[in-house]
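I have placed the structure first, in the form of structure tokens, so that the comments after it can refer back to it.
The values are calculated or read from the model by the stated rules, or taken from the named source; none is laboratory data. Bear in mind that the values here come from a model prediction, so they are computed numbers and not experimental data. We place every Cβ from the backbone using ideal geometry, glycine too, and count neighbours over all the protein chains shown.
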Amino acid sequence: MIRFDGLGKTYGALVAVRDLTLEVRPGEVYALLGPNGAGKTTALRCLATLLSPTSGFASVGGADVVDEPLQVRARIAFLAASMGLYERLTARELIQYFGRLQGLEGSGLEERVDEMVALFEIGDFSARLCGRLSTGQRQRVSLARALVHDPPALILDEPTLGLDVLSGRTIYDFIERERSRGKAILFSTHQMEEVELLADRVGVLAEGRLVAEGTVPELIALTGAPSLTRAFLDLVVPVGAGAAP
Amino acid sequence: MTAWRTVFAKELRETLRDRRTLVMMIAVPVLLYPVILIASEQLLLFGMRQLEAEAAAVALTGDVSGLLYEVVGTREGLRLVPIGQDAVEAVRSDSVSAVAIVTATPGSADAASVRIVYDAASDPSLRGRRELRAAVDEWADSVLARRIGAQGLPTDFARPVHVADTSVALPQEVGGYTLGRILPLLLVVITLLGAFYPAIDLAAGEKERGTLETLMTAPVPARAIVTGKFVTVALIAVVAAALNLGSMLLTFQTGLLQLTTALGLEVRLPWSAVAVIFLTLIPLAILFGALFLGIAVRSSSFKEAQNALTPVYMLVLIPAMLPIFPGIDFGPMLSVVPVAGVSLLFRDLMIGEARWGLATLVIGSTMLYAAGALAFAAASFGNERVLFGGGSGSTDDGTGWRARLREAAGSGRVPSPEAAMLFVAGVAVLFFWAGVALQLRLGERGLLAAEWLLLFVPALLFVRLGGFDPVATMQLRAPSRRALGGALLLIVGATPVAWGIGWIQTFFLPIPWEVLEGLEDLVTADSPGRLAWLLFLLAVTPALCEEVVFRGVLLGGTRSLTPWRFVVLNGLVFGAFHLSFETAIRFLPTAWLGMVIAWAVWRTRSLWTGVLMHVLNNGAIVVLASVPALRTAFMDPDAPPPFWLVPVALLGLTAGYRLVSSVPKTSTPSTSGVA
């Protein structure tokens, strides 16, 4: 469903992503793990057609991000780290707006919005302006907004960034539910427990390069480390940089 | 619903919920203007009445006749007071508002000269002077009448001709004439302000709130998003302008009736013209909406967008103010100047002299500019560097122009485009104020000092203090013989073209004669020693000092742009630098030369190529002006360039281009410290 094939992205002399190849299958949750500046956000933005790859390819459901960007956008739900909402629209208006941009209209749109309102328990504050919502409420509206057109692929850029435990729980539940509905889910994160809890497979990015890929047990076995955190550190810290004397 | 309409409907809804926009769009025109205007009128009337309420204290000194005492003493509005001090002191200390000093003419019984001492910076004193002058005139009339009577002549003997005015202007024409001077500026500013905040909010505001990234992942083309936003901004600007226009005119019509009556004027508004003016506001609103949107989206925050748009706002004011100045003739040339055309069309509509041909040109050209601005806005929205700053992939990665400027100032081998432009802007301002002052005070020595101290030295300091690589920035490499030969041929071709451009310009922009004379005096030498001095002052000095700034720092800093962009930019900035109050005509020829030199320096990777071309161009002008035979042949400003220069120019440019293009490329220095 989601495929990167030798994708590279540079900004002048700076190489943000180099030769990234990975695949996320329907019903699979794939975690992109990496330190700050590793290229996670750039890779996800390339997939979401926000950035153009400098080399290589990426596609969603067979649609190429460069040649068929509109088809790609129709097949993804993209949740940016900023989770920005239109402050002067109500929660319901916001979901309706993105539904319309996705081509929904009339009774079909209203039914879908009602579904989202019910699914994310937005009913109590659906008529409230987004600028007056709490962080947790905003996050639920963001998810409803992203999912209104029921796309087959989900791209989540650090979805729990800045959220408390309870709000984070909503995200976990959401990912579990969408996986069970056969969605291909690619998310970036720094959180090891998130990865252990949710990811079917993990890709470790360092300095723009995919340095390791596999299930959590496979990564631990690969490095011989006692935990995922330790394995991660072994994979991303340059050789010798963190070695004990 | 089509995508752009969806975006438009949402943007309009959000905008109408924005208190700031509503205040600017509705509250200001509906409430504030009438309040401000009526308050101003009342204060003006109050002030006038206050001034008139009390009699002005005046004094008479010198050989004052009894009749004059009588006239002044009995005149309403004047109060005669004695002064025990000097007249100037009395006025300065506000003891009196004005003093008439009378000096009797020797040998005459009633003739005298009168000098009125007053304070031109004081309203009461100005009024005292006016009243006292009227009293003295009355006294003079009395003296004259007495003399005429004594001679037995008729009373109109001294004034055989009576003059009276009759204006053929209808009251609405008077109203149009009065408003036609100020209303265009107000309307342009109001339309601009109407688009200002919505454009920032819909572009930079969206980026700042983090919603643009989400929006751009919807399956909608960027142009649909831009169109939806742009229609919102333009609509708000038109509505704001219409509300302002209506409110302002109603205020003029009703609120100021009292003032016009008090001033004895009959003023009516040309309402039919107002309707047409409203229609011409639409293309203007479209232009501002598109332009502001395109600029605002390049800013990463509301505040940064405000900073970016403020210079545009200031620039727009200049053409918008044209109707205020008398004698501005509205012709085809001005009709296609952005904003100026619309502004002058407003004026002509108000005075009932609009010509439909010009109106069509104005509206057509404004729509054309608007289309260009819209394409610019659409390109901005589709540009990932604009949307995300082209940085490391984080939305707040600090890769805005300020961050890049800081980075360039500290670490790059060559300055960034922004740092280079900022430096040239600073140097230009310094040269404009200090350089002109030096030239006025010290003449040619001042010009010499200005070139070296205000251009050369700052350029070296900028490179040194900025930590840039002087060789990479200034391209201080020795040119090859081929490069020098090519540069020589290029300037031989480019100089006649510059001459031709200047000559063509004279058909549209006449050269003031006194400016021409001044320039000719400056470049003409009458002795070999003087010629050597002028060659040093006007050819060698600018070639070194201006080249280090324009083909050194500016070209060095902008080489990261595409070649045609930095070449055109270099020429335009070079041309703008040579602008002055009197010599607008120099802009295009100088810009052309700047582009040719910039291209040659970039292609040969040597500043010395530019220095050579600059010396040859300027030196040629000095030599042509100084050798009498050449001056006669070449320096007639009305004559076109000799025809034989056309093949010379073509040959020079072609051969120079080919020769310079064949200079082998060496490695281009990196434009950032990252590499």
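Annotations
- Residue in the range B:260-274 that is within 14 Å of another protein chain (Cβ to nearest Cβ) and either touching a Ser or Thr at 6+ places or on another chain (Cβ under 6 Å) or modelled with pLDDT of 85 or more (or both) present: no
- Scanning the range A:19-35 turns up at least one residue that is part of a loop (DSSP other than H, G, I, E, B) and under 18 Å from A:Val211 (Cα atoms).
- For A:Ala38, the conditions (1) within 13 Å of chain B (Cβ to nearest Cβ); (2) modelled with pLDDT under 90; (3) surrounded by fewer than 21 Cβ atoms within 10 Å (Cβ to Cβ); (4) farther than 25 Å from B:Ser380 by Cβ are fulfilled apart from (3).
- Residue within the range A:89-112 that is in a strand (DSSP E or B) and in contact (Cβ under 8 Å) with a residue 40 or more places away in the chain present: yes
- Picking from residues in the range B:14-58 that are at pLDDT 80 or above and surrounded by 17 or more Cβ atoms within 10 Å (Cβ to Cβ), the one that is nearest to the other protein chains (Cβ to nearest Cβ) is B:Glu14.
- Scanning the range B:228-242 for residues that are within 16 Å of B:Leu193 (Cα to Cα) and within 14 Å of another protein chain (Cβ to nearest Cβ) yields one hit, B:Thr232.
- Scanning the range B:209-227 for residues that are closer than 25 Å to B:Met25 by Cβ, more than 10 Å from every other protein chain (Cβ to nearest Cβ) and surrounded by fewer than 24 Cβ atoms within 10 Å (Cβ to Cβ) yields one hit, B:Thr227.
- Looking only at the range B:343-389, residues that are of a type in the set (Phe, Trp, Tyr) and at pLDDT 85 or above come to 1 in all.
- The residues of the range A:111-151 that are among the β-branched types (Val, Ile, Thr), surrounded by 15 or more Cβ atoms within 10 Å (Cβ to Cβ) and more than 12 Å from every other protein chain (Cβ to nearest Cβ), listed by number, are A:Val113, A:Val117, A:Ile122.
- Criterion violated by A:Arg25 - all others in (1) modelled with pLDDT of 90 or more; (2) in contact with a helix residue (DSSP H, G or I) (Cβ under 7 Å, 6 or more places away or on another chain); (3) more than 11 Å from chain B (Cβ to nearest Cβ) satisfied: (2)
- Selected residue (criterion: farthest from the other protein chains (Cβ to nearest Cβ)) from residues of the range B:633-675 that are assigned to a helix (DSSP H, G or I) and at pLDDT below 75: B:Ala633
- Test for A:Gly99: is it closer than 21 Å to A:Arg73 by Cα and either more than 14 Å from every other protein chain (Cβ to nearest Cβ) or in contact with a Gly (Cβ under 7 Å, 6 or more places away or on another chain) (or both): no
- Applying the criterion of being surrounded by fewer than 19 Cβ atoms within 10 Å (Cβ to Cβ) and either in contact with a Lys or Arg (Cβ under 9 Å, 6 or more places away or on another chain) or within 29 Å of A:Arg88 (Cβ to Cβ) (or both) to the residues of the range B:178-192, the residue that is modelled with the highest pLDDT is B:Val189.
- Any hit, the range B:450-463, residues being touching a Pro at 6+ places or on another chain (Cβ under 8 Å), modelled with pLDDT of 90 or more and among the acidic types (Asp, Glu): yes
- Checked against the criterion of being touching a helix residue (DSSP H, G or I) at 6+ places or on another chain (Cβ under 8 Å), within 8 Å of chain B (Cβ to nearest Cβ) and among the hydrophobic types (A, V, I, L, M, F, W, C), the candidates A:Ala31, A:Ala74, A:Ala16 yield just one match: A:Ala16.
- The residue that is surrounded by the most Cβ atoms within 10 Å (Cβ to Cβ), counting only those in the range B:534-568 that are farther than 14 Å from B:Val611 by Cα and without any contact (Cβ under 8 Å) to a residue 12 or more places away in the chain, is B:Arg565.
Yes/no matrix, rows are residues, columns are (1) charged (D, E, K, R); (2) farther than 30 Å from B:Pro171 by Cα; (3) surrounded by fewer than 24 Cβ atoms within 10 Å (Cβ to Cβ); (4) in the same structural domain as B:Ala373 (by TED's automatic domain parsing):
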position: B:Ala290; (1), (2), (3), (4): no, yes, no, yes
position: B:Leu315; (1), (2), (3), (4): no, yes, yes, yes
position: B:Pro319; (1), (2), (3), (4): no, no, yes, yes
position: B:Gly331; (1), (2), (3), (4): no, no, yes, yes
position: B:Leu334; (1), (2), (3), (4): no, no, yes, yes
position: B:Gly341; (1), (2), (3), (4): no, no, no, yes
position: B:Leu345; (1), (2), (3), (4): no, no, no, yes
position: B:Asp348; (1), (2), (3), (4): yes, no, yes, yes
position: B:Ala359; (1), (2), (3), (4): no, no, yes, yes
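- Residue within the range B:81-92 that is under 23 Å from B:Leu144 (Cβ atoms) and assigned by TED's automatic domain parsing to the domain that holds B:Ala140 present: no
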